[in-house]
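Report on the structure given below.
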């Protein structure tokens with residue numbers, strides 16, 4: 001089987017044969033049909049998510065078909081269509097699962113960058129940048145807790161986006177911040193995650209919904225997803241004042257930061273109302289909140305995080321599929337292009353240049 005391997009940070013991935021180890025009793029072997037390229041993958045390939053051991057393999061927006069199951073697996077059967085991602089289902093028994101927060105499960109933790117199940121042609125074990133799975137390979141072996149069944153008629157290239165791109169943005173708005181109707185929302189960064197935060201705000205009944213980016217092409221896309229106003233920070237002399245002007249002089253009730261960078265975070269934070277909430281979605285390695293002081297929070301401003309949209313895997317993804325099928329969730333509009341594994345480096349370059357929202361690696 002083929003995989004796209006990162007041997008050196010910042011260099012093109014290498015397509016070569018790998019061996020996938022036998023399943024453990026709680027694992028599922030998936031023949032991958034489609035896998036989205038997330039900017040987190042690109043950060044990993046650049047060495048911007050720390051320095052995990054190389055070589056490594058990425059990919060965490062996986063949709064495929066179950067081809068083999070371990071002896072202890074009970075949730076799926078052979079032939080099932082599934083989405084696999086880094087968000088685990090809850091155990092159903094711990095404190096957080098019992099109070100309805102399976103995304104905080106004490107027994108099934110979210111993790112990244114771990115020794116994987118692939119061996120390269122020299123017999124060296126590959127690090128899986130996305131922890132429990134690797135989507136830039138023809139097959140992956142995933143713990144049962146990291147998969148959710150989907151309907152057979154759900155398009156695979158759209159389904160894979162639900163594993164990260166959609167839930168990270170939409171979930172941050174709906175699950176984490178619980179945006180109220182008629183409140184104002186500002187989204188900083190209009191890539192795949194930011195666009196889903198925008199459509200989450202629209203779904204929640206927010207107004208105005210302000211999209212902020214440096215590219216007019218992405219701001220135009222943001223309007224399609226529900227933005228009522230846009231701000232190009234490179235063209236606006238005082239973006240913070242502009243944001244306040246668009247929110248009746250109050251600042252945004254909710255701000256979602258879907259791009260990395262401390263200066264960007266600080267600017268977004270100052271666009272929030274004095275009692276507003278700023279939710280950090282995008283992040284970079286080694287960032288420290290050195291530009292914030294206790295006085296910034298004295299009037300009631302809140303700064304919080306959102307891990308994968310506080311998603312409950314086997315509840316939220318089926319609901320999102322229902323919204324997509326009913327025409328209330330945009331997925332088709334997120335897809336910019338399809339690429340075979342052999343052209344994954346072209347797909348990555350396209351995203352790095354800002355030409356694409358989501359490029360999808362597809363397998364025959």
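Only the coordinates and a few stated rules stand behind these numbers; no lab work does. Because the structure is a prediction, the values reported are computed rather than measured. No Cβ is skipped: glycine too gets one built from the backbone with ideal geometry, and neighbour counts run over all protein chains shown.
Among beta bridges from DSSP that stay inside the chain, the antiparallel ones total about 55%.
Rounded to the nearest 500, the helix-only mean residue ellipticity at 222 nm of the chain stands at -6500 deg cm²/dmol, with each DSSP H run of n ≥ 4 adding -39,500 (n - 2.57). Each residue in 30, 15 was given a count of other beta-carbon atoms within 10 angstrom of its own, and listing them fewest first yields 15, 30. Against the chain, whose longest principal axis comes from its Cα atoms, helix 313-325 is set at around 70 degrees. Compute the distance from the alpha-carbon center of the range 264-304 to that of the range 117-172, in whole Å. Distance between centres, Cα-based: 31 Å. Relative to the longest principal axis of the Cα atoms of the chain, the long axis of helix 216-225 makes an angle of roughly 80 degrees. Each of 91, 190 was scored by other Cβ atoms within 10 Å of its Cβ. Arranged with the fewest first, they read 91, 190.
Helix 192-203 and the longest principal axis of the C-alpha atoms of the chain enclose an angle of approximately 60°. The antiparallel fraction among DSSP beta bridges confined to the range 166-307 stands at about 0%. Using the Cβ-Cβ distance between residue 68 and residue 110 with R0 set to 22 Å, the FRET efficiency from 1/(1 + (r/R0)^6) comes to roughly 0.35.
Indicate the gyration tensor shape class of the range 87-185 (rounded, prolate or oblate), computed on the Cα atoms with a ≥ b ≥ c the square roots of the eigenvalues: a/c under 1.5 is rounded; otherwise a/b larger than b/c is prolate and the rest oblate.
Values: a/c = 2.13, a/b = 1.58, b/c = 1.35.
Prolate shape, in that a/c is at least 1.5 and a/b is the bigger ratio.
Distance from the C-alpha centroid of the range 18-34 to that of the range 190-226: 36 Å, rounded to the whole angstrom. Ordered by the number of other Cβ atoms lying within 10 Å of each residue's own Cβ, fewest first, 351, 302, 271 fall into the sequence 302, 351, 271.
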